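Report on the following structure.
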Amino acid sequence: MGFDLAIIGGGIVGATIAALARIRRPLARIALLEQHLVGTGTSLYGGALRVPLGTSRTHRALTARSEDLFRAIEAWGGPLPGRPLPIVWIVPATRREAFAGCLTGASEAAGPATRRALEARVPGLALDPGEVVLTGPPAWHGNPGATARRLVGALRRQAGFVAYEGFRVAAVDVRPDGCDVVGADGDVLRSRQVVRATGPWLALPGAGAQPAGLRTKKVSALHVDLAARDDDPAIVFVDDDAYLLPDPDSGRWIFCISSDEWDVAPQRSGLGVSGRDRAIAARVLGRHAPALTALCRGGRVFCDGYTDDRLPLVACDPGTQRLVHALGGSGAGYRFAPAMAEQALALLGLEPGEAAEVPASMPQADLVPP
């Protein structure tokens, strides 16, 4: 059986590409290939917060576009897992104006009552008089793995879509009329076009050249043995690139830090909370909430593909429009997944708005216009 589009990778980015492709071309034959189970890898271990933030104009545009596309996907397939989450930003007063410009909505300085409430809620939280607590648009606290599984579940109920789990790709042979996706077991799947959305698995044998400027970096979040409530906000320490995330489902908080471990292999057996992680957490918490340091036990750790500018890398493999890479989530793949999907589909020739132009009787056809 041949396909119009094969997507390698069943995480949040790959699942979102599949959903958006189905929305824009309802009759396309789509295959999703995942080496383990849908929604595992970085989507299982990574952060679960879509924040209304962009450190550059392009970041802000991608964030806003992704939120629009998430709404369109929900209109197609139903509500996705998650909830709105209040968020506060702890930022030096000297950087308030510059940082406020990075938010995708209006912000304001919290009053004394909010500051006192935060300090009462988090043991030992000490807000310096020179720091401003900014409030603004809520974040979205979701679950990338559960979202990927929800999308793929909706797709599986439709004709023309299949998801093959346990399909480890050994090579992608690009031909003038399509691609042969070769499995590690020798199975061959034929598709007119292929998108690689493999997260931190940057080097895929025979699947085109690894795009330049990509590296893997560890993504770390420590568990904090402090009860979380439904009304607790996320607390971001802007200067430290770290945040406290309340997770009522697990009954605790999660402290997400910026790890300094690069070029790590995406293997679960080799990744875990390290002494370096604890040292980073202790350094940040020592400035803001020292009492939490002793409450950090265990955590969730994986890795992701990163770029220097933290922008996703979505590009055709050199010399062909048959193979597209959608990589470099830089720890924000959940936030950028719909925008990455849209960019990948545009490279395949499927521009926004085409779904409305597809007649019900249209035959199955190549995703690339003739």
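Numbers at a glance
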quantity: DSSP-defined antiparallel bridges as percent of all bridges, the chain, nearest 5; calculated: 70
quantity: Amide H partners (placed H, <5 Å) of Ile7, local residues excluded; calculated: Ala31, Leu32, Leu33, Val195
quantity: Net dipole in debye of segment 41-111 [+1 Lys, Arg Cβ; -1 Asp, Glu Cβ; about Cα centre; nearest 20]; calculated: 140
quantity: Normalised per residue, the volume of the convex hull around the Cα set of segment 128-228 (Å³); calculated: 243
quantity: Range of Cα positions in segment 196-336 per principal axis (Å), largest first; calculated: 55, 31, 27
quantity: Of the trypsin sites (Lys or Arg not before Pro) in segment 117-163, those whose Cβ has at most 13 other Cβ within 10 Å and which sit in DSSP loop; calculated: Arg157
quantity: Ellipsoid equivalent to segment 68-126 - semi-axes via the Cα gyration tensor, in Å; calculated: 31, 18, 8
quantity: Top of Pro144, Pro312, Pro26 by mean-square fluctuation, Gaussian network on the chain, Cα under 10 Å; calculated: Pro26
quantity: Charge dipole (segment 49-150, unit charges on Cβ, about Cα centre) - positive-most of Pro144, Leu85, Leu125; calculated: Pro144
quantity: Student exercise, the chain dipole from Lys, Arg, Asp, Glu Cβ charges, in Debye to nearest 20; calculated: 380
quantity: For the chain, alpha-carbon Rg and Dmax in angstrom; calculated: 21.3, 66
quantity: Cα gyration tensor of segment 96-177 - equivalent ellipsoid semi-axes, whole Å, descending; calculated: 47, 18, 14
quantity: Helical mean residue ellipticity (222 nm; -39500 (n - 2.57) per DSSP H run of 4+; nearest 500) of the chain; calculated: -8000 deg cm²/dmol
quantity: Pairwise centroid distance, computed over Cα atoms, of segment 207-257 with segment 303-348, Å; calculated: 21
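None of the figures in this text is laboratory data; all of them are computed from the coordinates on show. A quick note: this is a predicted structure, and the numbers were derived from the prediction, not measured. Cβ sites come from the backbone with ideal geometry, for glycine too, and all protein chains shown count toward neighbours.
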